[in-house]
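Engineer: Next up is a structure, given as structure tokens.
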Amino acid sequence: MSPHSDSSPGRVHGTLRGGAVATLLLVAITAFDAVPALGQSAEEQIRALVGENAEGYLRPLSDGMTFALTGGVFDAARVRGLLSFDLGIRVNGARPGESARSFLAVLPDTLRWAPPGVPEQVFTDPLRPVDGSLRTPSAVGSGAGIRLEPDGAYREALLQAGENPDDYRIALPEGLDLSVVPTAILSFSVGVGFGTEISARYLPRVEINDEIGRVGATGWGVQHMVSQWFASPVDLSVGVGRQDLEVGDFLDARASEGWLSVGRTVGPLSVFGTAGLRSATVDVTYEVENPDGTPGLPASGTPVQFRSDLDTTTSLGAGFRLQLLFMNLSGRYTTGDFDTFSVHVGFGMP
């Protein structure tokens, strides 16, 4: 076993197989995993800590990605006429709230360690935060992560074995200070008649780099103008949509939304407001890397999987669409757990 000093890997963090950038956001988390109750299976032990803390760090980022993906499926309450279409690109973003920028770390209940020539020992409450606080930045937060140091009997055992406890400190990952989580995607909308418009969204699976792997997304939406069936001073539509995102072979996200839109169209300008419900699910799969056998961390190759389910939440939004001959400019802002925005530039047949 090689202890880590503060000058180099004292900042221990796990990495994902095939991950980074997005994965660095995921995996550094394993830096403070350890074994909880002795009676649990290895899988349960890992899920109890790695999963919980990994979710705390990653969830604001994955939430932002999935909420951003649902932004701006349609950009008017009045649907397009038969065979009217638009092909363009949308740039979406989600703004994390203050509560999403940090989380409370969960410390291990126990830790196993074997000094040279001594049987393995189990220590309870083996770590404590250096500065006394368990609040640490999430992936979208800012600043350095908290530092954990050996405590109690574990610290005493290190001293008795001639080890420097400071060499066994573990630093949690720092935040990336993301004020906006951005996404971009190609979109195509077409009127199919009967007061209905459908939309398809697509990001071809492209190789970002060797660490992240391929990133791709697909999505769809359907909107129907119910105000065509009765006299109404405004356009009234209902719609549903879904978006799927894949990052490498370690992250799969699915977001869906249903909404009611109310708006008016005057000449080339449409303005609208929306009220809706949205939810998302993110599945993360990765493997821990701990080549130096740091105490309190899972062994290299330990598989970790967790799912982050976002409860169905309400959202309110407003936007506009400006049709200039064959060019369409539109924007939308939606409030909710994550405020999101969408800017669209497209071309087609009005």
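Engineer: Could you check region 150-174 and list, in sequence order, the residues that are closer than 30 Å to Val247 by Cα and either surrounded by fewer than 22 Cβ atoms within 10 Å (Cβ to Cβ) or of a type in the set (Lys, Arg) (or both)?
Structural biologist: If the condition is that a residue be closer than 30 Å to Val247 by Cα and either surrounded by fewer than 22 Cβ atoms within 10 Å (Cβ to Cβ) or of a type in the set (Lys, Arg) (or both), then Glu174 is the only one that fits.
Engineer: Restricting attention to strands (runs of 3 or more DSSP E) lying wholly within region 93-137, give those where 3 or more residues are in contact with a strand residue (DSSP E or B) (Cβ under 6 Å, 6 or more places away or on another chain). Don't jump to the end; show me each part of the working.
Structural biologist: On the way: elements: 102-104, 110-113, 121-124, 127-129, 135-137.
Strands (runs of 3 or more DSSP E) meeting the threshold: 110-113, 121-124.
Engineer: Of all residues in region 113-167 being over 22 Å from Tyr57 (Cβ atoms) and aliphatic (A, V, I, L, M), which is nearest to the chain's Cα centre (by Cα)?
Structural biologist: Result: Val122.
Engineer: Within region 120-151, work out how many residues are β-branched (Val, Ile, Thr) and modelled with pLDDT of 90 or more. Before the answer, list the steps.
Structural biologist: Initially, region 120-151 is screened for residues β-branched (Val, Ile, Thr), giving 122, 124, 130, 136, 140, 146.
Okay, now just the ones that are also modelled with pLDDT of 90 or more, so 124, 130, 136.
Of the residues in region 120-151, 3 are β-branched (Val, Ile, Thr) and modelled with pLDDT of 90 or more.
Engineer: Related question: When you go through (1) in a strand (DSSP E or B); (2) buried (at least 20 other Cβ atoms within 10 Å of the Cβ) one by one for Arg205, which number turns out not to apply?
Structural biologist: So Arg205 meets the others, but not (2).
Every residue, every condition in (1) basic (Lys, Arg); (2) touching a residue at least 40 places away in the same chain (Cβ under 8 Å); (3) over 30 Å from Leu260 (Cα atoms), yes or no:
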position: Pro108; (1), (2), (3): no, yes, yes
position: Arg112; (1), (2), (3): yes, yes, yes
position: Ser133; (1), (2), (3): no, no, yes
position: Tyr168; (1), (2), (3): no, yes, yes
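Engineer: Taking Ser342 as the residue in question, decide whether it is in a strand (DSSP E or B) and in contact with a helix residue (DSSP H, G or I) (Cβ under 6 Å, 6 or more places away or on another chain). Step through it out loud before you land on a result.
Structural biologist: Values: in a strand (DSSP E or B): yes; in contact with a helix residue (DSSP H, G or I) (Cβ under 6 Å, 6 or more places away or on another chain): no.
In short, no.
Engineer: Here is a follow-up. Given the criteria in contact (Cβ under 8 Å) with a residue 40 or more places away in the chain, closer than 18 Å to Thr334 by Cβ and in a strand (DSSP E or B), does Gly221 qualify?
Structural biologist: Yes: the conditions hold for Gly221.
Engineer: Could you check how many residues of region 175-195 are hydroxyl-bearing (Ser, Thr, Tyr) and exposed (fewer than 15 other Cβ atoms within 10 Å of the Cβ)?
Structural biologist: In the first step, residues of region 175-195 are kept if they are hydroxyl-bearing (Ser, Thr, Tyr); the result is 179, 183, 187, 189.
Subsequent filtering for residues that are exposed (fewer than 15 other Cβ atoms within 10 Å of the Cβ) retains 179.
Summing the residues that are hydroxyl-bearing (Ser, Thr, Tyr) and exposed (fewer than 15 other Cβ atoms within 10 Å of the Cβ) in region 175-195 gives 1.
Engineer: For region 236-263, give me each residue that is more than 17 Å from Ser279 (Cβ to Cβ), assigned to a strand (DSSP E or B) and small (Gly, Ala, Ser).
Structural biologist: Correct list: Ser237, Ser261, Gly263.
Engineer: Inside region 240-255, can you point out the residues that are over 20 Å from Leu310 (Cα atoms) and buried (at least 18 other Cβ atoms within 10 Å of the Cβ)?
Structural biologist: Gly248
The values are calculated or read from the model by the stated rules, or taken from the named source; none is laboratory data. All values derive from a computational prediction rather than experimental measurement. Every residue, glycine as well, gets a Cβ built from its backbone with ideal geometry; the counts of neighbours run over all protein chains shown.
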